[in-house]
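Here the structure comes first, spelled out in structure tokens, and everything after it is commentary.
The values are calculated or read from the model by the stated rules, or taken from the named source; none is laboratory data. No experiment lies behind these values; they were computed from the predicted model shown. For neighbour counting, all protein chains shown are included, and Cβ atoms are generated from backbone atoms with ideal geometry for every residue, glycine included. Note: accessible area is taken over every heavy atom of the protein model, side chains too, but ligands, DNA and RNA are not part of it. Shrake-Rupley method; radii C 1.70, N 1.55, O 1.52, S 1.80 Å.
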Amino acid sequence: QVQLVESGGGLIQAGGSLRLSCAASGRTQSIYRMAWFRQAPGKEREFVAGIFWSGSNTTYADAVKGRFIISRDNLVRLQMNSLKPEDTAVYYCAARELSTTYSYWGQGTQVTVSS
């Protein structure tokens, strides 16, 4: 099993920056890829950014490309710049093993961007 704990959410004005962090524990040696997802009120959960556990090969949703940066050292981080009100959502850290979908999830952290 893998446990994920997010931190760093909050309330920010449009145009500002926030950094989210995700700490992974447990069977981390089984992790193949990590990602951030988000879910806004009344909407389905959507992919935001992903990275291999090794720290390579990052991918981004078109909506955040050029504004968000995913990275990994001892934590998986999501640097969010030029935030927009439409970025308001609960952000979730997720992990997957090589032959599975994202099956490990954190509890989520709220990001609210005011206009």
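Compute the Cα gyration tensor for the stretch 13-115, then decide on rounded, prolate or oblate, letting a ≥ b ≥ c be the square roots of its eigenvalues: rounded whenever a/c is under 1.5, prolate when a/b is larger than b/c in the other cases, and oblate in all that remain.
Working: a/c = 1.97, a/b = 1.66, b/c = 1.19.
Because a/c hits 1.5 or more and a/b exceeds b/c, the stretch 13-115 counts as prolate.
Show the residues, 5+ positions off or on another chain, whose built amide H is closer than 5 Å to the amide H of Val2.
For Val2, the qualifying residues are Arg27.
Ranking request for peptides 78-85, 21-28, 52-59: highest mean number of other beta-carbon atoms within 10 Å first, then the rest in descending order. Could the numbers behind the result be given before it?
Working: 78-85: 17.6, 21-28: 15.4, 52-59: 12.8.
My ranking of the peptides, most packed first, is 78-85, 21-28, 52-59.
Using a 1.4 Å probe, how large is the accessible area of Val90, given in Å² and rounded to the nearest 10?
Near enough 40 Å² of accessible area.
If a/c stays under 1.5 just call it rounded; otherwise compare a/b with b/c (prolate if a/b is bigger, oblate if not). Do that for the stretch 23-72, with a ≥ b ≥ c from the square roots of the Cα gyration tensor eigenvalues.
Details: a/c = 2.83, a/b = 1.46, b/c = 1.94.
Oblate, since a/c reaches 1.5 and b/c is not below a/b.
What order do you get for 31-43, 97-109 when each peptide is scored by the mean count of other beta carbon atoms within 10 Å, highest first? Could you put the intermediate results ahead of the total?
Details: 31-43: 16.7, 97-109: 14.2.
Ranking, from highest mean packing down: 31-43, 97-109.
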